[in-house]
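The values are calculated or read from the model by the stated rules, or taken from the named source; none is laboratory data. This is a predicted model, so every value here is computed, not measured. Here the Cβ positions follow ideal geometry from the backbone for every residue, glycine too, while neighbour counts run over all protein chains shown.
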Amino acid sequence: MRTTNLLKIAAEAELLRLRAFAARQARRSAFGACALVFALAVLALAEAAGWQTLRLYVTGIQATLILLGINLVVAAILGMVAARSSPGNAEREALRVRQEALDHARGALSITAAIPLLRFASPRRRRAFFRFGR
């Protein structure tokens, strides 16, 4: 009885922990979304300030084309970094551990499945419940 009570308490504590974790992640997501909005506003204002500064030295079309070229180079660099991203050591190790666990589980499953077959392969004969021809 005590073990079942302890298991119930542990399950309730885990459920409470998961609810608190979900609430915390929701708050983090909301704050992250707000931060993204402000970051995009800063980026837009930086573009406008850069255009106005360039406008002092070149015509409006040339300033626009210069900013367009800078943005294109930045986008290309970030795109190449994203495309070249390869799995890190932690990902490779987790994949290896998962693969080993699955291999061991398959091995244990095949042994478990083979145990009933050993009954038929054993040289000792079973006695029949009804003996016919005795």
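Is there a residue being without any contact (Cβ under 8 Å) to a residue 40 or more places away in the chain, touching a Lys or Arg at 6+ places or on another chain (Cβ under 6 Å) and at negative phi anywhere in the stretch 55-68? Yes, the stretch 55-68 contains at least one residue that is without any contact (Cβ under 8 Å) to a residue 40 or more places away in the chain, touching a Lys or Arg at 6+ places or on another chain (Cβ under 6 Å) and at negative phi.
For ARG19, are the conditions met, namely being basic (Lys, Arg), under 26 Å from the mean Cα position of the chain (by Cα) and surrounded by 10 or more Cβ atoms within 10 Å (Cβ to Cβ)? Spelling it out, ARG19 is indeed basic (Lys, Arg), under 26 Å from the mean Cα position of the chain (by Cα) and surrounded by 10 or more Cβ atoms within 10 Å (Cβ to Cβ). Quick one: which of LEU6, LEU45 is at pLDDT 95 or above and over 25 Å from the mean Cα position of the chain (by Cα)? Testing whether each residue is at pLDDT 95 or above and over 25 Å from the mean Cα position of the chain (by Cα) leaves just LEU45. Of the residues in the stretch 24-33, not one is surrounded by 10 or more Cβ atoms within 10 Å (Cβ to Cβ) and over 24 Å from the mean Cα position of the chain (by Cα).
Let's see how each residue does on (1) over 30 Å from GLU47 (Cα atoms); (2) in a helix (DSSP H, G or I); (3) at pLDDT 65 or above:
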site	(1), (2), (3)
VAL73	no, yes, yes
VAL81	no, yes, yes
ARG92	yes, yes, yes
LEU95	yes, yes, yes
PHE120	yes, yes, no
